[in-house]
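See below for the structure under consideration.
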Amino acid sequence: MRLNISLPYSITAFLTFLTGFDYEISESRRGKALLVYHGFTYTSKVDRKYWYCSHTTCKAKVHMDKIGKIIFHYTVHTHDPPKLHRLADDLEYKLIPSKRSNKQILIFQGYTFSQNRMSGNWYCSKQYKDCKARIHMDKNWKIKTLHVDHNHEAPKIVVTAAGEYYTVGLKMFSKSIITQMKNEFNEKLNKLVNRSKSNSINFINETRYQEFIAELKVIKSKESKTFEDYKILSNYDILEVNGRDRLIRSNEDSKNIQFYVPTDELYGVIHTMHILFNHAKLNELDNQIKHKYCNVSREVIKIYLSCCNFCKKSTETL
């Protein structure tokens with residue numbers, strides 16, 4: 001265990017009873033001795049007898065004798081005590097490759113940090129927005145010290161089916177813009193549906209969707225099934241999700257479930273995935289949707305992208 005920051009009162013009281021000294025000496029992120037006394041930190045320049053507050057403008061100080069007993073202290077501080085934490089040696093974090101450079105991104109407690117050159121110092125990715133959170137690692141990639149009081153919420157981090165990490169910055173739309181986009185999408189979709197086969201499973205409205213589920217239940221309940229029945233069951237199945245029956249592709253692998261989507265829900269499905277993956281472009285969006293839905297065609301995704309106001313503006317500025 002390493003002490004980084006303030007001890008709970010009960011621990012401090014126990015140390016006082018055990019050693020006679022109500023302080024603890026730890027190590028700073030630069031490898032120097034750090035005195036923790038009544039919640040404040042002090043550094044010693046030479047012999048560990050004279051300790052001065054870590055805040056250079058603060059005049060608080062502590063003097064010790066040869067055996068480490070405090071013989072004098074002036075503890076009127078001009079600032080609040082730092083927020084410190086007791087760290088374990090096995091703090092978990094992830095290092096992932098950056099999409100923008102050859103550097104890595106550190107993920108710790110849901111927040112992302114970028115490395116300062118090749119040093120052991122990592123700073124919050126929102127440093128440019130005055131977030132002071134930071135982490136220091138030693139040469140063995142162990143977290144040595146940290147300050148994780150962020151001034152913002154943690155980003156949404158999405159792991160794709162391929163194991164890639166994305167931090168999601170949601171580009172929000174007003175209600176009027178969403179309504180406009182949805183109307184434009186449905187108008188273009190209706191033209192596409194009218195050109196397609198009327199019995200295509202790719203375009204099945206909510207009414208027919210529920211009818212097909214009912215028919216499928218009847219087929220599954222039959223004691224004697226026909227060749228056509230087995231053919232249907234080899235392609236379609238039913239899964240209850242949140243109290244509602246959903247049509248899925250028949251698959252023995254329960255971890256790889258793909259849903260059929262009625263046309264009434266196509267906009268909602270594509271819009272959610274598009275925003276979730278930070279306005280993903282056609283190929284990325286198509287790949288992500290295919291992992292979960294089996295009747296959302298690439299052509300329908302193109303229609304949605306042609307309606308996204310944010311993507312149209314981004315294309316115009318290129």
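The values are calculated or read from the model by the stated rules, or taken from the named source; none is laboratory data. Owing to the predicted nature of the structure, the values given are computational and were not obtained by experimental measurement. With ideal geometry, Cβ positions are generated from the backbone for all residues, glycine too; neighbour counts draw on all protein chains shown.
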Exercise. Among the residues of segment 180-204, which ones are surrounded by fewer than 16 Cβ atoms within 10 Å (Cβ to Cβ), among the polar types (S, T, N, Q) and at pLDDT below 90?
Worked result: Q180, N194, S196, S198, N199, S200
Exercise. Would a scan of segment 253-276 turn up a residue that is of a type in the set (D, E, K, R), in the same structural domain as A214 (by TED's automatic domain parsing), part of a helix (DSSP H, G or I) and more than 21 Å from I213 (Cβ to Cβ)?
Worked result: no
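In the list S234, S250, S221, which residue meets the criterion of being hydroxyl-bearing (S, T, Y), out of contact with any Lys or Arg (no Cβ under 6 Å at 6 or more places or on another chain) and modelled with pLDDT under 90? Give the derivation first.
On the way: S234 fails: modelled with pLDDT under 90; S221 fails: modelled with pLDDT under 90.
Checking each option against the conditions leaves just S250.
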Problem set entry | strands (runs of 3 or more DSSP E) (entirely within segment 81-129) containing at least 1 residues that are modelled with pLDDT of 85 or more and under 30 Å from K59 (Cβ atoms) | 121-124
Problem set entry | Single condition T167 does not satisfy, out of (1) out of contact with any Pro (no Cβ under 9 Å at 6 or more places or on another chain); (2) under 28 Å from K281 (Cβ atoms); (3) modelled with pLDDT under 75; (4) part of a strand (DSSP E or B) | (1)
